[in-house]
Amino acid sequence: MPRSTEAPSLIPERDRLAGDLTVAVVGHRRDGHARSLIKRLDTLGARASFVELSASTFSTLHPSGLALPGFDSRLPDGVIVRAIAAGSFEAVTRRLGVLHALREEGVLVWNDARAIERCVDKSMTTFLIARNGLPTPQTWTVEGRAEALRIARRETLQGPLVLKPLFGSQGRGLRLIRSARDLPEDSAVASVYYLQRFVGGVGPEHSDFRVLVSHGKIVAAMRRHAAHWITNVKQGGRPEAVELDETLAQLAIRSTAAVEADFAGVDILLASDGKPYVLEVNSMPAWRGLQSVSGSDIAETIAQDFLNVLHERVLGRRTA
Ligand SMILES: Nc1ncnc2c1ncn2[C@@H]1O[C@H](COP(=O)(O)OP(=O)(O)OP(=O)(O)O)[C@@H](O)[C@H]1O
Ligand SMILES: [Mg+2]
């Protein structure tokens, strides 16, 4: 009997596909988060490697207009952005441009440049959170000390404000503004004053929540305790595992959706009356502190969620 040339495969299409998929993890080789993402992606069957955006090139000579180191003439099927290295305004604009272009070329990018831009600029995050009807402290973002003084004089009558760098960084550079005199000169804040109502308690113990969301669900959550009102783990905050109630879980999920991020770290603070406020959404969250108190493997969950979406997308294209 002649053998069929089309013997049905026992391996599902999804699993055969996994080995074909190439994924670039954007970040730094020395970053443990990027390394663990690559390890989990490899274990799940994809071919993953590091890419530094600074070494990625726009080139009109290239068929796709882009060249990523290690990817020869093809672009990767997917990209996970773990971090964008600091650089000049021009350099960071160009790196974000590479991520925009990858999405334009049909590459799945988590988080894509639009979501990163919405989160890096704290005033845009606040705008979107508030516009989506989610609770966030009253916030004003203005240019120039004269306008900031006007707001501080008026608003500190009701209590202190927090001044934050527009491009925040792990609790650095935040100041409590008790009176207009506490406002620094323009040069200290690049002339941009992001002023927010202080909604924390009086101490001696302070805490807030960090919630990691991926693909519309909660991956892990912690409560950060500190003697100071700035509770970031990098600033000495002590992480504690916590079971999120449904209100906080939904708030974190909806905040992530408001900035259209695929995965994000959401900071939520409970005011003294118990009301939750979203402080920020981080589109390139670190998870070392969270992993130390979480039973689930965070890198694996993100890698798995990403590959599930990538599989669906590539399978959809092949059957279209
Ligand atoms: N409005 C506020 N009222 C009380 N405490 C605040 C307020 N805003 C921030 N904090 C405290 O400061 C910490 C850091 O603030 P936030 O999360 O906004 O910026 P960041 O962590 O420095 O920014 P990024 O995560 O983008 O690096 C919060 O975790 C919280 O402990
Ligand atoms: Mg934060």
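The values are calculated or read from the model by the stated rules, or taken from the named source; none is laboratory data. Computed from a predicted structure; not experimentally measured. As a convention, Cβ positions derive from the backbone with ideal geometry for all residues, glycine included, and neighbour counts pool all protein chains shown.
Every residue, every condition in (1) surrounded by fewer than 17 Cβ atoms within 10 Å (Cβ to Cβ); (2) farther than 19 Å from K164 by Cα, yes or no:
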{"site": "P239", "(1), (2)": "no, yes"}
{"site": "L269", "(1), (2)": "no, no"}
{"site": "E280", "(1), (2)": "no, no"}
{"site": "S294", "(1), (2)": "no, yes"}
{"site": "D297", "(1), (2)": "yes, yes"}
{"site": "D305", "(1), (2)": "no, yes"}
{"site": "L310", "(1), (2)": "no, yes"}
Of the candidates L37, L21, the one satisfying the condition of being at pLDDT 95 or above, within 16 Å of D305 (Cβ to Cβ), crowded, with 17+ Cβ neighbours inside 10 Å and touching a strand residue (DSSP E or B) at 6+ places or on another chain (Cβ under 9 Å) is L37
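One line per residue, one yes/no per condition, for (1) within 16 Å of ligand 2 (Cβ to nearest atom); (2) under 16 Å from G216 (Cβ atoms):
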| site | (1), (2) |
| --- | --- |
| E246 | no, yes |
| A249 | no, yes |
| T256 | yes, yes |
| F263 | yes, yes |
| D273 | no, no |
| E280 | yes, no |
| G295 | no, no |
| I302 | no, yes |
| V309 | no, yes |
Take segment 208-237 and flag every residue that is surrounded by fewer than 18 Cβ atoms within 10 Å (Cβ to Cβ), in contact with a Ser or Thr (Cβ under 8 Å, 6 or more places away or on another chain) and of a type in the set (G, A, S). G216
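Within segment 149-171, can one find any residue that is acidic (D, E) and within 16 Å of ligand 1 (Cβ to nearest atom)? Explain how you work it out, then say what you get.
As a first pass, look at segment 149-171 and keep what is acidic (D, E): 155.
Then keep just the ones that are within 16 Å of ligand 1 (Cβ to nearest atom); that gives 155.
Yes: segment 149-171 contains one or more residues that are acidic (D, E) and within 16 Å of ligand 1 (Cβ to nearest atom).
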Residues located in segment 272-320, provided they are part of a loop (DSSP other than H, G, I, E, B), among the hydroxyl-bearing types (S, T, Y) and farther than 30 Å from F127 by Cα: S294, S296
Could you list all residues from segment 254-267 that are near ligand 1 (Cβ under 9 Å from one of its atoms) and either part of a loop (DSSP other than H, G, I, E, B) or crowded, with 23+ Cβ neighbours inside 10 Å (or both)? G265
Number of the exception - R172 against (1) under 26 Å from V26 (Cα atoms); (2) surrounded by 15 or more Cβ atoms within 10 Å (Cβ to Cβ); (3) basic (K, R): (2)
What number of residues within segment 227-240 satisfy the criterion of being under 9 Å from H206 (Cβ atoms) and within 7 Å of ligand 1 (Cβ to nearest atom)? 3
Hits in segment 51-110 (condition: basic (K, R) and either in contact with a Cys (Cβ under 7 Å, 6 or more places away or on another chain) or assigned to a helix (DSSP H, G or I) (or both)): R94, R95, R103
Residue pairs, Cβ under 6 Å, 6 or more apart or interchain, first in segment 241-253 and surrounded by 10 or more Cβ atoms within 10 Å (Cβ to Cβ), second charged (D, E, K, R). List them. V242/R223
State all residues of segment 150-171 that are closer than 15 Å to W229 by Cβ, in a strand (DSSP E or B) and either of a type outside the set (V, I, T) or without any contact (Cβ under 8 Å) to a residue 12 or more places away in the chain (or both); if no residue qualifies, say none. L161, L163, K164
For segment 127-140, does any single residue satisfy the condition of being in a helix (DSSP H, G or I) and crowded, with 21+ Cβ neighbours inside 10 Å? yes
Some residue of segment 262-275 being on the phi > 0 side of the Ramachandran plot and either among the acidic types (D, E) or modelled with pLDDT under 95 (or both): yes
